[in-house]
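Novice: Quick one: the structure is below, and I'll ask about it shortly.
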Amino acid sequence: MTKSKNFWAAAAVICLAVMAYSAYAVYGRVSLHMWGDSIEVRPVPLPENKPEEQAAAPQEAPAETAEAPKPAEAAQAPAAAQADEKVKAVKTLFTYKDAKAKSVQIAGSFTSWKNVKMAKKDGVWKTEIYILPGTYPYHFTVDGKKKLDPGKPKAPTGDSLVDVN
């Protein structure tokens, strides 16, 4: 009888440990959505291959000597230099038209969802933010209420999308 009590006690401890680990794993995933944190994936730009370059590049033939540079390698050198260049942030203008609003802020994945104040001029709220090229979700906070940007595409999360080139 004592063996079965020990067995069930061990089984209960193992079940509690598995349940605690599962709860911790679920909490880690759900907490991203509950507290507004986000995992941002930034796009990596690919070098552009124009059709003219592809047609103009000669087909590589087997080289007889390893010392002679191939014409195709010489053509690829400028493309490799372009790939090594850093991607520069683009100044992006955001506007929100509401003359009656007392305060307008913008928040998006490009600001880590932190509100950035906008300045009012002639009834239009404006701000300029430097953003790396890509597509980002964002929204306005007008007098404490979340508002979307009219005329912009909507993300599945319910935010507006901005496409920075």
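Novice: What number of residues within region 108-138 satisfy the criterion of being surrounded by 11 or more Cβ atoms within 10 Å (Cβ to Cβ), in a loop (DSSP other than H, G, I, E, B) and over 14 Å from the mean Cα position of the chain (by Cα)?
Specialist: Result for region 108-138: 2.
Novice: Still on this structure: I'd like to verify a number: residues in region 139-163 that are under 19 Å from the mean Cα position of the chain (by Cα) and free of Cβ contacts under 8 Å to residues at least 40 places away in the same chain, how many?
Specialist: Looking only at that region, the number is 12.
Novice: Which of the residues spanning region 86-107 are assigned to a loop (DSSP other than H, G, I, E, B) and charged (D, E, K, R)?
Specialist: Answer for region 86-107, where residues must be assigned to a loop (DSSP other than H, G, I, E, B) and charged (D, E, K, R): Lys86, Lys88, Asp98, Lys100, Lys102.
Read the figures in this text as sums done on the coordinates, not as results from a lab. Keep in mind that this is a model prediction, so the values were computed, not measured. Cβ coordinates were reconstructed from backbone atoms using ideal geometry, including for glycine residues, and neighbour counts include every protein chain displayed.
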